[in-house]
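Everything below concerns the one structure shown next.
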Amino acid sequence: MDLTIKRTPFLRGEFSPPGDKSISHRAAIFAALADGTSEISNFLEAGDCLSTLRCLQALGVEIEGPREGKLKIRAQGPEGLKEPEDVLDAGNSGTTMRFLLGVLAAQPFYSVITGDHSLRRRPMARVAEPLRQMGAHIWGREGGNLAPLSIKGGNLRPIEYNLPVASAQVKSALLLAGLHTEGETVVREPVPARDHTERMLEYCGVKIKKEDLEITIYGRQRIQPFKICIPGDFSAAAFFLVAACIHPRAEVVVRNVGLNPTRTGLLTVLQEMGAELEVIQEGVSAGEPYGVVRARSSSLKGTKIGGALIPRLIDEIPVLAVAAAVAQGSTVIRDAAELKVKESDRITTLAVELRKMGAKIETLPDGMVLEGGSLKGAVVDSHGDHRLAMALAVAGLIAEGETVIRGAECMSISYPGFLADLEALTK
Ligand code: S3P
């Protein structure tokens, strides 16, 4: 689908972003391992999370919904899962594939998991390797690194593992596998990645120990069925927060948005760039803080981003690059080589597409340097990457002339209501 975006005279209003994608995946997977029926509300009904639900159903889990974000999942503990009749399809979703590898590693049966063109090029050895050390058998293309992957699990032993990259998906897969061992599994992170898994484990009655960068999970614990209302997705809200900051006539209020500090690095950076933001935490739901963020037209200046901040905003770098492309001065993004193995190689695709709109970007092996200026409309391509597509749409809102985004349908992978929310803010 080609989407045409025109510069809009203003951006004004309030909205609630859809349910958090990371937390939706976790809620569905944890519920599928619980002893009983769990109830989830504000579940993200988007491509990636629907892939998770389909895989769980193929593993014999009973799912009612989702209907208007509500979901009931009936499960009988990890023993209730059954060998799937066919290949499991994780679609575009890295979270689905990596989490399910952690789950399947503990199952005595044989399964095969694959995904779309983008997911089949993303590295899985980072999960498969430690799971093999725990005793699982995992085969795949390129020496067991690329999907399709076949798994035969069962009888896992605990490990102590130092994660080579800060990845919440790998951390979570190992914690889920560790839950099914006899003993203590210890995972150490180089810098903190998002901690939704740890928060949800505790919420479901699973005992873990968190010390700085080290997480210990005690094996053979059961997951209690739970009720959860998922907060809004900060990564979805991010598109409109940045749009409001860079638009000359804008004021946007985002309600019911998740404010987990391992996710909100973008707020820190925007504030550093001079953004006019107001953040109010209103409560905590299932261990996750949420609240309101207000953003308005700001004069942004360039900044330097790197180190421990990167995992806290890794998914926001596409839209942050748009902000940097129109900020005053230069912005340097380092320590972000992980961008290369996201839904697209985001260092390359961001540079290629934003350059078409007049942005000045130099790529680095682990990031990019952007020189602020102005943007003009162009015909750009999403490369099938949902966050790139929405970042380009934000660029189109302030660019001179018309922007056409090719392959814009991929927005529905994480934010099917993006265009409706955008329309409401421009009316
Ligand atoms: C996610 C973790 C991050 C993030 C992805 C979702 C999660 O990936 O980029 O969109 O839900 O745990 P990594 O674990 O590869 O860093």
Strands (runs of 3 or more DSSP E) completely within region 117-213 that count 2 or more residues being buried (at least 22 other Cβ atoms within 10 Å of the Cβ) and more than 12 Å from the ligand (Cβ to nearest atom): 146-152, 184-188
Just name the residue that is surrounded by the fewest Cβ atoms within 10 Å (Cβ to Cβ) out of those in region 296-308 that are over 22 Å from the mean Cα position of the chain (by Cα) and under 14 Å from Leu266 (Cα atoms). Lys304
For region 370-397, enumerate the residues that are buried (at least 23 other Cβ atoms within 10 Å of the Cβ), farther than 26 Å from Ser22 by Cα and touching a residue at least 60 places away in the same chain (Cβ under 8 Å). Leu370, Gly396, Leu397
Which of the residues belonging to region 237-277 are over 17 Å from the mean Cα position of the chain (by Cα) and of a type in the set (Val, Ile, Thr)? Val242, Ile246, Val252, Val253, Val254, Thr268, Val269
Report yes if Arg98 is away from the ligand (no atom under 14 Å from the Cβ) and either part of a helix (DSSP H, G or I) or of a type in the set (Phe, Trp, Tyr) (or both), otherwise no. no
Across (1) more than 30 Å from Gly115 (Cβ to Cβ); (2) in a helix (DSSP H, G or I), Ile280 clears everything bar (2)
Residues that are surrounded by fewer than 19 Cβ atoms within 10 Å (Cβ to Cβ) and part of a loop (DSSP other than H, G, I, E, B): does region 33-55 have at least one? no
With criteria (1) away from the ligand (no atom under 16 Å from the Cβ); (2) buried (at least 23 other Cβ atoms within 10 Å of the Cβ); (3) touching a residue at least 60 places away in the same chain (Cβ under 8 Å), Leu71 comes up short on (3)
Of the residues in region 1-27 that are within 16 Å of the ligand (Cβ to nearest atom) and among the basic types (Lys, Arg), the one that is nearest to Leu422 (Cα to Cα) is Lys21
Quick check on my filter: what residues within region 74-95 are within 24 Å of Ile230 (Cα to Cα) and away from the ligand (no atom under 16 Å from the Cβ)? Arg74, Ala75, Gln76, Gly77, Pro78
Matching residues, region 251-276, being closer than 16 Å to Ala327 by Cα and either outside any helix (DSSP H, G or I) or touching a Lys or Arg at 6+ places or on another chain (Cβ under 6 Å) (or both): Met273, Gly274, Ala275, Glu276
Could we say that Ala243 is assigned to a helix (DSSP H, G or I), within 16 Å of the ligand (Cβ to nearest atom), surrounded by 15 or more Cβ atoms within 10 Å (Cβ to Cβ) and at negative phi here? no
The one condition in (1) within 21 Å of Gly417 (Cα to Cα); (2) in contact with a helix residue (DSSP H, G or I) (Cβ under 6 Å, 6 or more places away or on another chain); (3) crowded, with 21+ Cβ neighbours inside 10 Å that Ala105 fails to fulfil: (1)
Do we have Arg220 as buried (at least 23 other Cβ atoms within 10 Å of the Cβ) and either in a loop (DSSP other than H, G, I, E, B) or hydroxyl-bearing (Ser, Thr, Tyr) (or both) here? no
So, in region 288-319, of the ones that are touching a Gly at 6+ places or on another chain (Cβ under 8 Å) and among the basic types (Lys, Arg), which residue ends up nearest to the ligand (Cβ to nearest atom)? Arg312
Which numbered condition Phe30 misses (of (1) assigned to a helix (DSSP H, G or I); (2) farther than 23 Å from Asp116 by Cβ; (3) away from the ligand (no atom under 15 Å from the Cβ)): (3)
Go through (1) within 28 Å of Leu146 (Cβ to Cβ); (2) buried (at least 20 other Cβ atoms within 10 Å of the Cβ); (3) touching a strand residue (DSSP E or B) at 6+ places or on another chain (Cβ under 7 Å) one by one and return the number of the condition Lys342 breaks. (3)
Cβ pairs under 6 Å, 6+ apart or interchain, first in region 149-170 and closer than 16 Å to Gly94 by Cα, second within 16 Å of the ligand (Cβ to nearest atom) and assigned to a helix (DSSP H, G or I), ordered by first then second residue, are Ala166/Pro311; Gln169/Thr95; Gln169/Arg98; Val170/Arg126; Val170/Val127
Could you please find all residues in region 309-331 being surrounded by fewer than 24 Cβ atoms within 10 Å (Cβ to Cβ) and of a type in the set (Ser, Thr, Tyr)? Ser330
Hey, can you tell me all the residues within region 328-351 that are part of a helix (DSSP H, G or I) and without any contact (Cβ under 8 Å) to a residue 24 or more places away in the chain? Lys340, Ile347, Thr348, Ala351
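Read-outs: derived from the displayed coordinates by stated rules, not from any lab. As the structure is a prediction and not an experimental result, all values here were calculated from the model. Virtual Cβ from ideal backbone geometry, glycine too; neighbours counted across all protein chains shown.
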